[in-house]
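The values are calculated or read from the model by the stated rules, or taken from the named source; none is laboratory data. Everything quoted here is computed from the prediction, not taken from an experiment. With ideal geometry, Cβ positions are generated from the backbone for all residues, glycine too; neighbour counts draw on all protein chains shown.
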Amino acid sequence: MADPSGLARGLTQYGDRDYALYLRRSYARSMGYSPAMLARPIVGIADTGSGFNSCHRLVPELIEAVKRGVIAAGALPLPFPTISLGEVYLNPTSLYLRNLMAMDTEEMIRAQPMDAVVLIGGCDKTVPAQIMGAISAGVPAIQLVTGPMMTGRYGGERLGACTDCRRFWARFRAGEIDRAEIEGIENTLAVTAGTCAVMGTASTMAVISETLGMMLPGTAAIPAVHADRLRAAEATGTAAVDLARCKLAPAQVVTKRSIENALRVLLAIGGSTNAVLHLAAIAGRLGLEFPLERLNRFSDATPVLIDLKPTGEHYMEDFFAAGGVGAVLRELKPLLHLDCRAVTGETLAARLAEDAGFVDRRIIRTAGAPLQQQGGLVALFGSLAPRGAILKRAAADPNLFEREGRAVVFSSLEDVARRIDDPALDVAPDDFLILQNAGPASAAGMPEAGSLPIPAKLARAGVKDMVRISDARMSGTAYGTVVLHVAPDAASGGPLAKVRSGDRIRLSVKERKLDVLVDPAELARRPVPPPVMPARGYARLYHQHVLQADQGCDFDFLRGARA
Ligand code: FES
């Protein structure tokens, strides 16, 4: 007998299947659908619209366009709500909640009768959460992103969230602009619906989703307000119906080889460090390891091709007009696994055999004349980070790469807030700023706080960058010589917890090394406070089960292939 489809999938347990289906159809009739519509295959649409997620403001319009495509292709579209994660509205962090959204997405896909699902994501953690959940749910899935914002203008200058937010805030801290001006700029940084306008985490994950094959080709970079975004939504609805018919599961699209392609592309776009965590977590859902040594191997042989902020000059709307993801994939072709299939069933080889169209070489360089010869990210290992750390070298100052320095330690984010601008702080431009207790196991939930502010007295003296090291993350829109994701983190007792102000630290990007130059016996003697376990709720679940950064901060019980 064929597997049940449409409303007959996954019946509610009453001990009588016929009754369960009769009851379900009766209630579905109350929505006003005809029997013919209720007999169609069902495409679920994960609705992540939320008053707390400005990046998803146009989700209702996208849902209507997806529905058009689904109905035209002969299926029944049924939207359903899931958690939405609006990066800047969440406490403590969106990463802390990513796994909750992944669980919600997985369970709602599995629990409800859908033959395929359209995942509408966009803001930073929503895209990886949906991919993780969909892989584990095992139902055919296709992703649609909300798309990036357009840029705004301030005094003749073009601005986009949120690399420019940081740039102007740094100038405000340095006393170069006053409060009235920073308040004026606030009105011009995020001027349309959509995700951050630069190659931040949201854009990086959209590009990665397209590279993994989870999205229609050519749709990752379409601006949120562009009519093409609605056409992409309609086409996504149609493609979802095809997926329901051919039953291509996410685990047949996202594979070891497509993850390797995504890693190549991440490096070539100078993408967000957050994507390393998300790719590790996505790999983990398939039961695959994601060794950081592979990142280094790929990084050495993958050029940076696109000139976008925060590593370059341009914005996502320029990237879209310049040729988008397809143009990057074409340049990387010799480095990619061309047999990988997208949700359309098309191989990467077939996609890249099509006409390339116009490519603006000011934005997307050729592999022969790249922006940088080596990839944007590098992993570091050593006595300070036995399980690795990440540096976005494309957004860092190479003059700071081969250095030994004195540690100036902050024990927490609260400690940073208390002391960083204290005129009495003992700090010099050559020191290394160290932040502890901001990793996945900390109460802070691994915030995007690794890009510590330059101490006010140094900023006012013209210091623009310093080596900063932490177990925290950094926003994909940020920049600087910032070593992140130190693992194991301080809250779980890693060596980072034992560093004291005055210790010497050695960084060598060339050798991929990060060491604390303290006698190991002395380091072992230094006490570390035990972690505090929350009493109840999601906080307790999170702290009992969260993995370290090198495993993508997923929960231990969510890894592995689906049973
Ligand atoms: Fe939503 Fe940047 S805050 S994408």
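Here are some notes:
- For the range 450-461, the condition of being at pLDDT 95 or above, away from the ligand (no atom under 16 Å from the Cβ) and in contact with a Phe, Trp or Tyr (Cβ under 6 Å, 6 or more places away or on another chain) holds for none of the residues.
- All positions within the range 120-157 that are at pLDDT 95 or above, assigned to a strand (DSSP E or B) and away from the ligand (no atom under 16 Å from the Cβ): A141, I142
- One residue from D422, D471 being away from the ligand (no atom under 16 Å from the Cβ), within 18 Å of the chain's Cα centre (by Cα) and charged (D, E, K, R): D471
- Filter result for A75 (modelled with pLDDT of 95 or more, within 30 Å of E448 (Cα to Cα) and away from the ligand (no atom under 16 Å from the Cβ)): no
- Positions within the range 165-212 being among the small types (G, A, S), more than 19 Å from Q143 (Cα to Cα) and either within 15 Å of the ligand (Cβ to nearest atom) or in a loop (DSSP other than H, G, I, E, B) (or both), in sequence order: A174, G175, A190, A197
- Near pairs, Cβ below 7 angstrom, 6+ apart or cross-chain, from the range 147-158 (under 30 Å from S209 (Cα atoms)) to any residue that is crowded, with 16+ Cβ neighbours inside 10 Å and among the acidic types (D, E): P148/E317; M150/E317; T151/E317
- Here the range 52-70 is the region considered, the condition is being away from the ligand (no atom under 16 Å from the Cβ) and surrounded by fewer than 18 Cβ atoms within 10 Å (Cβ to Cβ), and the residue that is farthest from A193 (Cα to Cα) is R68.
- For L263, the requirement of being part of a helix (DSSP H, G or I), touching a His at 6+ places or on another chain (Cβ under 9 Å) and either closer than 30 Å to P386 by Cβ or among the charged types (D, E, K, R) (or both) is not met.
- Just one of the listed residues (R540, R500, R506, R536) is surrounded by fewer than 16 Cβ atoms within 10 Å (Cβ to Cβ) and farther than 30 Å from C123 by Cα, and it is R500.
- Residues of the range 354-375 classified as of a type outside the set (G, A, S) and surrounded by 16 or more Cβ atoms within 10 Å (Cβ to Cβ), total: 8
- Test: residue in the range 336-353 that is buried (at least 20 other Cβ atoms within 10 Å of the Cβ) and acidic (D, E): no
- Pair list, Cβ under 9 Å, 6 or more apart: the range 45-57 residue aliphatic (A, V, I, L, M), other residue within 11 Å of the ligand (Cβ to nearest atom) and at pLDDT 95 or above: A46/G121
This table checks each residue for (1) surrounded by fewer than 21 Cβ atoms within 10 Å (Cβ to Cβ); (2) within 15 Å of D489 (Cβ to Cβ).
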site: L377; (1), (2): no, no
site: R387; (1), (2): yes, yes
site: K392; (1), (2): no, no
site: A396; (1), (2): no, no
site: L400; (1), (2): yes, no
site: P447; (1), (2): no, yes
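- Filter result for the condition that a residue is surrounded by 24 or more Cβ atoms within 10 Å (Cβ to Cβ) and under 24 Å from the mean Cα position of the chain (by Cα), over A197, A249: A197
- Contact annotation: residue pairs with Cβ atoms under 6 Å, 6 or more positions apart or on different chains, pairing a residue in the range 378-405 that is aromatic (F, W, Y) with a partner that is part of a strand (DSSP E or B), are F381/G388.
- Of V265, V343, V325, all but one fail to be β-branched (V, I, T), within 27 Å of V483 (Cβ to Cβ) and touching a Gly at 6+ places or on another chain (Cβ under 8 Å); the exception is V265.
- Taken together, the residues in the range 243-297 that are of a type in the set (A, V, I, L, M), farther than 22 Å from L332 by Cα and touching an Asp or Glu at 6+ places or on another chain (Cβ under 8 Å) amount to 2.
- Looking at L7, L85, L38, just one residue is more than 16 Å from the ligand (Cβ to nearest atom), surrounded by 14 or more Cβ atoms within 10 Å (Cβ to Cβ), without any contact (Cβ under 8 Å) to a residue 60 or more places away in the chain and closer than 25 Å to L144 by Cβ, and that residue is L38.
- Test: residue in the range 71-89 that is part of a helix (DSSP H, G or I) and more than 23 Å from A443 (Cα to Cα): yes
- Tally, over the range 303-360, of residues that are assigned to a loop (DSSP other than H, G, I, E, B), over 27 Å from C162 (Cβ atoms) and either in contact with a Pro (Cβ under 7 Å, 6 or more places away or on another chain) or not hydrophobic (A, V, I, L, M, F, W, C) (or both): 9
- Residues of the range 449-463 satisfying the condition of being assigned to a loop (DSSP other than H, G, I, E, B) and more than 16 Å from C553 (Cβ to Cβ): S451, L452, P453, I454, P455, A461, G462, V463
- Flag for A232 being of a type in the set (G, A, S), touching a Ser or Thr at 6+ places or on another chain (Cβ under 9 Å) and in a helix (DSSP H, G or I): yes
- In this entry, L90 passes the filter for residues that are free of Cβ contacts under 8 Å to residues at least 40 places away in the same chain, within 16 Å of the ligand (Cβ to nearest atom) and either touching a Pro at 6+ places or on another chain (Cβ under 8 Å) or under 27 Å from R473 (Cβ atoms) (or both).
- Within the range 464-492, the set of residues being part of a loop (DSSP other than H, G, I, E, B), out of contact with any helix residue (DSSP H, G or I) (no Cβ under 7 Å at 6 or more places or on another chain) and at pLDDT 95 or above comprises M466, A472, P488.
- Scan of the range 93-116 for residues that are farther than 30 Å from L23 by Cβ and either over 18 Å from the mean Cα position of the chain (by Cα) or away from the ligand (no atom under 16 Å from the Cβ) (or both), ordered by number: N99, L100, A102
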